[in-house]
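The values are calculated or read from the model by the stated rules, or taken from the named source; none is laboratory data. Owing to the predicted nature of the structure, the values given are computational and were not obtained by experimental measurement. Cβ placement follows ideal geometry from the backbone for every residue including glycine, while neighbour counts extend to all protein chains displayed.
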Amino acid sequence: MDFLPRNKDLITTKQARELNPLVLAYVGDGVHTLYVRMSALASTTGKADKLHKYVTARVNAGAQAECMRRIESVLNEDEEDIFRRARNSHQHSMAKNASVSDYKSASGFEAVIGYLYLTGQEERLQYLMSLCEDESANV
């Protein structure tokens, strides 16, 4: 994930666990979006509209819930806890085009990604993101 900005102001895992899980999800959404965008750029010289369609198909509640299903069996105890806390948080909005279950699962996925990024666990973040990649996807 050389294309992600390095988090120079790393926080401890204790500090990260004390954050509201929806704050972790907010950060994780940005990290995941940038990851997908940069992965798309690395694999194509496609036009902006094609890139946009590719990215929006992968950065939405349904796709993120599917990513969560792919990685849930390899989560460690801390990551499982972060996921559960975010999934069970009271959310004030819901996605228009996703089920409540997918939306909550996507929030949990984003929180795990945000947690790993903020605590500087780059190798772990890269590993989990690689499990989400769809090998059949082409831009």
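If Phe109 passes every condition in (1) in a helix (DSSP H, G or I); (2) at pLDDT below 95 but one, which one does it miss?
It is condition (2) that Phe109 fails.
Name the single residue, out of those in region 100-126 being in contact (Cβ under 8 Å) with a residue 12 or more places away in the chain and over 12 Å from the mean Cα position of the chain (by Cα), that is surrounded by the fewest Cβ atoms within 10 Å (Cβ to Cβ).
My answer is Ser101.
So how many residues does region 34-69 have that are basic (Lys, Arg) and outside any helix (DSSP H, G or I)?
Of the residues in region 34-69, 1 are basic (Lys, Arg) and outside any helix (DSSP H, G or I).
Go through the residues of region 71-82 one by one and say whether even a single one is at pLDDT 95 or above and closer than 17 Å to Tyr26 by Cβ.
Yes: one or more hits.
When Asn138 is evaluated against the numbered criteria (1) touching a Ser or Thr at 6+ places or on another chain (Cβ under 8 Å); (2) modelled with pLDDT of 95 or more, which criterion, by number, is the only one it fails?
Answer for Asn138: the failing condition is (2).
Name the single residue, out of those in region 21-46 being surrounded by 15 or more Cβ atoms within 10 Å (Cβ to Cβ) and of a type in the set (S, T, N, Q), that is modelled with the lowest pLDDT.
Ser39
Provide a single number: the residues in region 70-91 that are assigned to a helix (DSSP H, G or I) and either surrounded by 13 or more Cβ atoms within 10 Å (Cβ to Cβ) or of a type in the set (Val, Ile, Thr) (or both). Reasoning before the result, please.
Keep residues of region 70-91 that are assigned to a helix (DSSP H, G or I), which gives 70-74, 77-87.
Narrowing the set further to residues that are either surrounded by 13 or more Cβ atoms within 10 Å (Cβ to Cβ) or of a type in the set (Val, Ile, Thr) (or both) leaves 70-72, 74, 78-87.
Matching residues across region 70-91 total 14.
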